[in-house]
1. At 1.4 Å probe size, with every protein chain present, just tell me what the per residue accessible area of the chain comes to in Å².
2. What is the percent carbon and sulfur in the accessible area of the chain, measuring with a 1.4 Å probe over the protein chains and ignoring ligands?
3. Calculate for the chain the 222 nm mean residue ellipticity that helices alone would give, adding -39,500 (n - 2.57) per DSSP H run of length 4 or more and normalising by residue count, nearest 500 deg cm²/dmol.
4. Sum up the charges of everything whose Cβ sits under 10 Å from the Cβ of Glu231, counting Lys and Arg as +1 and Asp and Glu as -1, but leave Glu231 out.
5. Restricting to the chain, compute how many DSSP beta bridges are antiparallel as a %, nearest 5.
6. Which residue, Glu82, Glu235, Glu37, tops the fluctuation ranking in a GNM of the chain built on C-alpha contacts under 10 Å?
7. Can you give me the solvent accessible area of Lys22 with a 1.4 Å probe, rounded to the nearest 10 Å²?
8. Which entry in (1) 21.6; (2) 18.3; (3) 22.5 matches Kirkwood radius over Cα pairs in Å derived from the coordinates of this structure?
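The values are calculated or read from the model by the stated rules, or taken from the named source; none is laboratory data. Predicted model, so just to flag it, every value in this text is computed and none were measured. Heads up, the Cβs are rebuilt from the backbone with ideal geometry, glycines too, and the neighbour counts pull from every protein chain shown. When the accessible area is computed, the model is the full protein with side chains, heavy atoms only, and any ligands, DNA or RNA have been set aside. Shrake-Rupley method; radii C 1.70, N 1.55, O 1.52, S 1.80 Å.
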Amino acid sequence: MAEISVAMAASHAPGLTGWFDKAPEADRKTVLAAYAEIHAAVVESRTDVLLVIANDHIANGLVSDYADFTFGLAERHSGPDEWFKPWLRVADYELPGRPDVAEVLYESVKDRAPRVRAVRENLRYDDNLSVPVTMADLVSTGVAVVPVLQNCTVPPVPDERVCYALGETLGEAIRTRLPAGLRVGLLGSGGLSHEPGGPRYMEIDEKFDRWWMDLLVEGDHEKVLTDATFERMEEAGSGGTAELLSWMVVMGAIGPRPCKALGYAAVDQWRCGFGAVRWDLS
């Protein structure tokens, strides 16, 4: 059977690449150190395939016919999409895919959650994939990637328990349906508090962010699911903070366990709180 080799999550705010130099040096060092640890974890864990669970910013579907979870089955994943290049300011990249793995996982969950799709063409990637690829230098690791883009914006949004349950199904599929010896990593990409284009566009809810990080470190997933609801995320920043649902998918896949906080920074100019964690799989 395959094995979950590493489980992590991190913010993907476009300010981390587009406006990185607007932050104080200490905050920049925090982000660089966190993403350096993510890079090292992928390498040291000998991960063969990395599932990147991230939100779609309504770039890969019409609102009138919008998928809740989209599995990327392309042979190669390249980005960033042309439209997002001016504000992301990252170099073009290309990563190998694993359509065989993506197909198995898609088939395993397609009937366990609403509106699950698979796309064989290259998806349009913005900060959801482009920021972690760039900041963690994933290209140099040689790891193959399976992107899973989720709906965190278009009602009805799959809430925290739906996302956690989908993660549970993913975890079971990884352990029982993928080839023996395959090492599969998980990376949740999104959050922390932000409200893109809203009244609080330039504000960060630092109190919420630190509360969220502390909850995860404790490792009580039922408490996280009870307290950190979709509605609570929306209160901390509508239309953005709920990207943390991608972290819920990872948590479901690995089950209740504590994690290590890799760092936190609140920089208003980035328009999003930054946080990163790595779960203890020992």
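1. 40 Å²
2. C and S fraction of accessible area: 51 percent.
3. Calculated mean residue ellipticity at 222 nm is -10500 deg cm²/dmol.
4. Summing Lys and Arg as +1 and Asp and Glu as -1 gives -3.
5. 45 percent
6. Answer for the Gaussian network model of the chain: Glu82.
7. Using a 1.4 Å probe on the heavy atoms, I get roughly 110 Å².
8. So the structure-derived entry is (2).
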